[in-house]
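The values are calculated or read from the model by the stated rules, or taken from the named source; none is laboratory data. Fair warning: this is a prediction, and the values are worked out from it, not measured in the lab. Every residue, glycine as well, gets a Cβ built from its backbone with ideal geometry; the counts of neighbours run over all protein chains shown. Surface accessibility is based on the protein's heavy atoms, side chains included, excluding ligands, DNA and RNA. Shrake-Rupley method; radii C 1.70, N 1.55, O 1.52, S 1.80 Å.
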Amino acid sequence: MDEKEIKIKNLMKENGLEALLLGTRANFLWATGGKRNDVIKNEDTCLAYLFFTENSKYLIASSSDMDRIKEEELFGLGFETVTYNWYDQSFADAIKKIGNYTKIGNDFYHQGFLNIEGKLAKERINLSSTEIEKISRLCREYTRIFTDFCQGLKKGEKENEIAAELNYICSKAKINLPVLMVGSDNRIYKYKHPVPTDKKIDKYVLIATVAERDGLNASISRSIYFGDPPKGLIERIKAVNYIESFYYSCSNPGQALGNIINKGKEIYSKLGYSGQWEKHTQGGLIGYKPREFLATQGSNIKISPGNALSWNPTLEGAKAEDMILVKDEGINQLSIDKRWPYEEIKIEGINYLKPELLLI
């Protein structure tokens with residue numbers, strides 16, 4: 001938290017702010033090392049906020065939420081508390097109790113405040129040593145859980161049943177799944193984002209997930225086939241694995257996301273899939289959101305050591321998606337479990353491991 005407070009104070013100074021209000025889920029987690037304010041899971045801002053001034057820091061919360069967050073989330077972290085009535089006040093009334101501030105920054109739209117969410121996101125992607133340890137552990141543990149789960153799948157299970165079971169298993173490891181897509185058979189070929197339905201698996205299932213713990217996210221997908229897969233599917237899976245490995249080879253400090261996408265377009269064409277990159281996002285920087293910065297053609301966001309990325313090239317019926325950490329001297333693949341069948345892809349003298357189709 002000391003590191004985060006230094007960054008917050010620097011942002012305030014750089015933007016000429018007297019105070020900074022953080023209310024979104026991502027920034028609350030980031031600023032507190034994984035403590036939560038998300039009582040309402042499907043809203044970005046909730047009922048508790050962090051408020052920083054030059055010399056002090058405050059927890060602002062409604063009368064219905066102050067005690068729990070103060071005692072169970074932020075106990076001992078040095079926040080002064082200011083409560084507002086849920087029935088006739090807001091966080092703005094609480095700020096007035098603290099002082100008369102005219103230059104306030106924040107991370108969501110509020111009239112009269114300066115929204116600096118874009119600058120906060122650039123801070124969030126630069127993971128500290130503690131955050132690198134957390135996200136690496138999450139990737140290791142979740143990948144093992146995911147392998148065990150996929151190896152135990154049975155033909156005839158419903159997509160919704162698979163999703164419910166994986167959610168339950170992950171909850172026991174304190175892992176949330178904010179993204180959980182389960183598509184089987186023809187649905188994988190038709191849809192890039194197959195949210196689970198009551199359809200039963202016949203031969204083929206793809207499970208695309210984002211796992212989250214302590215606020216940090218890991219984006220991982222796997223494909224499973226019952227029986228002998230068609231040759232075309234194997235070819236497309238090999239193709240997306242090669243494209244993702246190519247993205248890995250480009251993920252060097254100083255590289256702009258847009259430059260990598262433009263190089264990736266050429267690889268799609270060379271492999272015989274010209275224009276297919278347009279049909280689905282290709283990935284990007286990951287941290288306290290599943291995608292902090294999406295890689296687009298015009299993105300000038302540059303990669304730095306300590307950034308985590310998840311690339312996710314897709315073709316009809318095939319998707320590759322795993323986690324990497326950027327270092328000064330290259331990348332670390334974070335989501336490897338060698339109990340899964342892998343192929344080795346060599347690009348510019350470096351070998352990358354990519355998961356093959358799991359055959360059951």
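In summary, the chain shows an alpha-carbon radius of gyration equal to 1.07 times the 2.2 N^0.38 Å reference for compact globular proteins. Sorted largest first by accessible area at a 1.4 angstrom probe radius, with every protein chain in place, the residues Glu71, Glu141 fall in the order Glu71, Glu141. Projecting label points 7 angstrom from Cα along Cα→Cβ for Glu3 and Gln333 puts them 2.7 nm apart.
Using the rule -39500 (n - 2.57) for each DSSP H run of four or more residues, divided by the residues of the chain, the 222 nm mean residue ellipticity is -10000 deg cm²/dmol.
At what distance in angstrom do the alpha carbon centres of the stretch 203-236 and the stretch 260-298 lie from each other? Answer, in whole Å: 18. Largest mean-square fluctuation among Lys203, Lys155, Lys41, in a Gaussian network model of the chain whose springs join Cα atoms under 10 Å apart, belongs to Lys41. At 1.4 Å probe size, with every protein chain present, just tell me what the per residue accessible area of the chain comes to in Å². Value returned for the chain: 45 Å² of accessible area per residue.
I want the antiparallel fraction of DSSP beta bridges within the chain, as a percent rounded to 5. Intermediate results must be reported in sequence, preceding the final value.
Working: 49 of 61 bridges.
Rounded to the nearest five, the antiparallel share is 80 percent.
Between Ile350 and Glu54, the FRET efficiency from the beta-carbon distance, with R0 = 51 Å, is close to 0.60. Once the chain from Glu343 to Lys200 is taken as fully extended at 0.36 nm per residue, the excess over their C-alpha distance is 48.6 nm. The accessible surface of the stretch 1-153, taken with every protein chain in place and a 1.4 Å probe, is 46 percent carbon and sulfur. Between Glu72 and Lys174, residue separation times 0.36 nm minus the direct Cα-Cα distance comes to 35.1 nm. For the residue pairs Lys158/Lys203; Lys13/Lys119; Lys122/Lys192; Lys190/Lys263, alpha carbon separations beyond 18 Å are given by Lys122/Lys192; Lys190/Lys263. Computed from the C-beta positions of Asp88 and Glu278 and an R0 of 51 Å, the FRET efficiency is 0.50 to the nearest 0.05. Were the residues from Lys96 through Asn42 laid out at 0.36 nm apart, the gain over their Cα-Cα distance would be 16.6 nm. Largest GNM mean-square fluctuation across Ile234, Ile220, Ile125, computed for the chain with C-alpha springs under 10 Å, falls on Ile234. Farthest toward the positive end of the dipole of the chain, out of Ile345, Gln111, Asn55, is the Cα of Ile345, where the dipole comes from beta carbon charges about the Cα centre. For the chain, a Gaussian network of Cα nodes joined below 10 Å ranks Pro196, Pro305, Pro229 by mean-square fluctuation, and the top entry is Pro229. Modelled spin-label separation between Ser128 and Glu316, with each label point placed 7 Å from Cα along the Cα-to-Cβ direction: 4.9 nm.
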